[in-house]
Amino acid sequence: MLNIVLFGPPGAGKGTQSQRIIDKYALIHLSTGDILRSEISRGTELGLQAKHLMDKGELVPDSVVIGMIGHKIAENREAEGFIFDGFPRTVAQAEALDNLLSEFNTEIHEMIALEVEEEELKKRLLARGKISGRVDDQNIAKIENRIHVYKSQTLPVATYYQKQEKYKGINGIGSIEEIFDRICSAIEAA
Ligand code: AMP
């Protein structure tokens, strides 16, 4: 198995690049944001609970996202590997992911972190909000809150993987193709 965490602040390009990575490496894409949005659009109890937090840019409780990811891993135990996008977002989630993967005798092989400066993130998210319809992309206060949540709760996850010598920083500025080439080099060196 090849298991990769694609990491970065909101607007770094994780979703765009995940799509290319899964096409090239035949990995299963697990995006907690996408799974939660699908729960909301299906009107499930979980979706209803998550929606008000997501609309404000706050994190959904660890137990909820860990449970979701646990199910998806168990459903795809024959997969070539996984690309985790938007997960783990807290150190508790990263620890839980290590435990889940060890139950399947596997582990995270690499964290690929897309590095993009804050002003560029805000520009990209506001532009995306105009076409995506995502409530959390449409207002600068919400975007700034998501960046704040990222810095305070999610950045420690990078340190967690640095300590395991699995962190690989990638320049997230450039064309989609250029960034994808950098990611492929990092995956192939893993
Ligand atoms: P994303 O699509 O990754 O930008 O996620 C959109 C929103 O979903 C986030 O702002 C959070 O409210 C929620 N979310 C997604 N992934 C997680 C996670 N791993 N932990 C907690 N909340 C999450």
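The values are calculated or read from the model by the stated rules, or taken from the named source; none is laboratory data. In this text the structure is predicted, and so the values were computed from the model without any measurement. When we count neighbours, we look across all protein chains shown, and the Cβ atoms used for this are built from the backbone with ideal geometry, even at glycine.
Points worth noting:
- Selection status of Glu178, in a loop (DSSP other than H, G, I, E, B) and not β-branched (Val, Ile, Thr): no
- First in the stretch 178-189 and over 16 Å from Gly13 (Cα atoms), second anywhere and assigned to a helix (DSSP H, G or I), Cβ under 9 Å, 6 or more apart: Ile187/Ile21; Ile187/Lys24; Ile187/Tyr25
- When Ala74, Ala79 are screened for being away from the ligand (no atom under 12 Å from the Cβ), more than 27 Å from Ile143 (Cα to Cα) and in a loop (DSSP other than H, G, I, E, B), only Ala79 passes.
- Scanning the stretch 67-105 for residues that are of a type in the set (Ser, Thr, Tyr) and either surrounded by fewer than 15 Cβ atoms within 10 Å (Cβ to Cβ) or at pLDDT below 95 (or both) yields one hit, Ser102.
- Among the candidates Val64, Val60, the residue that is surrounded by 15 or more Cβ atoms within 10 Å (Cβ to Cβ) and outside any helix (DSSP H, G or I) is uniquely Val60.
- Residues in the stretch 169-179 that are surrounded by fewer than 19 Cβ atoms within 10 Å (Cβ to Cβ) and not β-branched (Val, Ile, Thr): Gly169, Asn171, Gly174, Ser175, Glu177, Glu178.
- Selection status of Asn99, more than 14 Å from the ligand (Cβ to nearest atom), more than 19 Å from Gly15 (Cα to Cα) and not in a loop (DSSP other than H, G, I, E, B): yes
- Just one of (1) within 23 Å of Gln153 (Cα to Cα); (2) away from the ligand (no atom under 12 Å from the Cβ) fails for Gln93. It is (2).
- Any hit, the stretch 129-136, residues being surrounded by 17 or more Cβ atoms within 10 Å (Cβ to Cβ), of a type in the set (Asp, Glu) and at pLDDT below 95: yes
- Annotation: Arg124 fulfils all but one of (1) within 20 Å of Met1 (Cα to Cα); (2) among the basic types (Lys, Arg); (3) surrounded by 16 or more Cβ atoms within 10 Å (Cβ to Cβ); the unmet one is (1).
- The set of residues from the stretch 33-57 being buried (at least 16 other Cβ atoms within 10 Å of the Cβ), touching an Asp or Glu at 6+ places or on another chain (Cβ under 8 Å) and in a helix (DSSP H, G or I) comprises Gly33, Leu46, Gly47, Ala50, Met54.
- Counting only residues that are under 16 Å from Leu53 (Cβ atoms) and either in contact with a Cys (Cβ under 7 Å, 6 or more places away or on another chain) or of a type in the set (Lys, Arg) (or both), the stretch 129-157 holds 3 of them.
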